[in-house]
Each structure stands twice: as C-alpha cells, then as structure tokens.
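To start, the structure under review is shown below, and the notes come after it.
The values are calculated or read from the model by the stated rules, or taken from the named source; none is laboratory data. Nothing here was measured: the structure is a model prediction, and the numbers come from that model. Every residue, glycine among them, receives a Cβ derived from its backbone with ideal geometry; neighbour counts consider all protein chains shown. Ligands, DNA and RNA are stripped out before the accessible areas are found, and what is left, the full protein with its side chains, is counted by its heavy atoms. Shrake-Rupley method; radii C 1.70, N 1.55, O 1.52, S 1.80 Å.
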Amino acid sequence: MNATIKWMTEHPVAANLIMVLVLAVGLLSAMSLPQKTFPDFSLNVIDVRVTYPGASPSEIEQSIIRPIEDQLSGIEGVDELTATAREGSGQVALNLSLGANVAATLDDVKS
C-alpha cells in the first residue's frame with residue numbers, strides 16, 4: 001500500500017488521469033442504469049366478481065358464492081380463497097401461491 005501511495009505522489013499526472021477515468025466510468029454506468037417511476041410487479045391475486053341486483057347477502061352466498069367456491073377449491077396453485085357477499089354483489093378472491101403460473105390458473109378459473 002505504501003508503494004502505491006509513494007508512486008501516486010511521484011506521478012501526479014497519472015493519479016489525476018486515473019481519477020478522471022474512474023469518474024468517467026461512473027458517469028457512463030449511471031447513464032445506463034434503468035429508471036422507472038412505477039416498477040413492474042404482480043400481486044398473484046385473481047378476483048371473481050358477480051353482480052346480482054336486488055339480492056340480499058345471504059341469497060348471494062347461497063346461489064353464487066358457494067357454487068363458485070366449490071368449483072374453485074380444487075384448482076392447483078391456489079393458496080387461499082376468500083369470499084365476500086354484499087347487497088347486490090359477490091366477490092371471490094384467489095391468492096395464488098408463490099411461483100404459481102398465473103396465466104394457467106386464470107384459464108382454469110375461467111373454464
């Protein structure tokens with residue numbers, strides 16, 4: 001280490017050239033870094049929403065939510081299934097397990 005410091009003090013032009021080279025490489029690297037305002041991400045959640053105007057939550061649960069749950073309970077890659085019944089609509093949310101193929105699972109849900 002002492003030899004490097006001694007060489008730098010004896011050759012100030014070389015030390016300055018190395019400094020300029022390091023700064024130039026840093027600036028070029030900074031220009032090539034990808035910048036995104038909103039990064040790409042996926043939530044791995046599939047929502048099934050059904051409207052049934054005028055129906056009570058208990059009617060929606062019996063006629064819509066339970067049959068959908070029965071059909072979707074056997075799909076591979078589903079980690080958790082959550083259902084919500086409201087006045088006039090129902091929703092079933094499928095949380096997919098990590099690494100699950102979202103497109104294939106979505107095709108299974110649609111069919």
Residue under question is VAL22, and the condition is that it be of a type outside the set (S, T, N, Q) and either assigned to a strand (DSSP E or B) or surrounded by 12 or more Cβ atoms within 10 Å (Cβ to Cβ) (or both); does it hold?
no
Is there any pair linking a residue in the stretch 33-60 that is open to solvent by 70 Å² or more (accessible area, probe 1.4 Å) to one that is β-branched (Val, Ile, Thr), with Cβ under 7 Å and at least six apart or on different chains, and which?
SER42/VAL102; TYR52/ILE60; TYR52/ILE64
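Being open to solvent by less than 70 Å² (accessible area, probe 1.4 Å) and not aliphatic (A, V, I, L, M) is the filter here, so list the residues in the stretch 75-98 that pass it.
Passing the criteria: GLY77, THR82, THR84, GLY88, SER89, GLY90, GLN91, ASN95, SER97.
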Contact list, first residue from the stretch 70-87 and of a type in the set (Lys, Arg), second anywhere and at pLDDT 90 or above and surrounded by 13 or more Cβ atoms within 10 Å (Cβ to Cβ), beta-carbon distance below 8 Å, six or more apart or interchain, is ARG86/PRO57; ARG86/ILE60
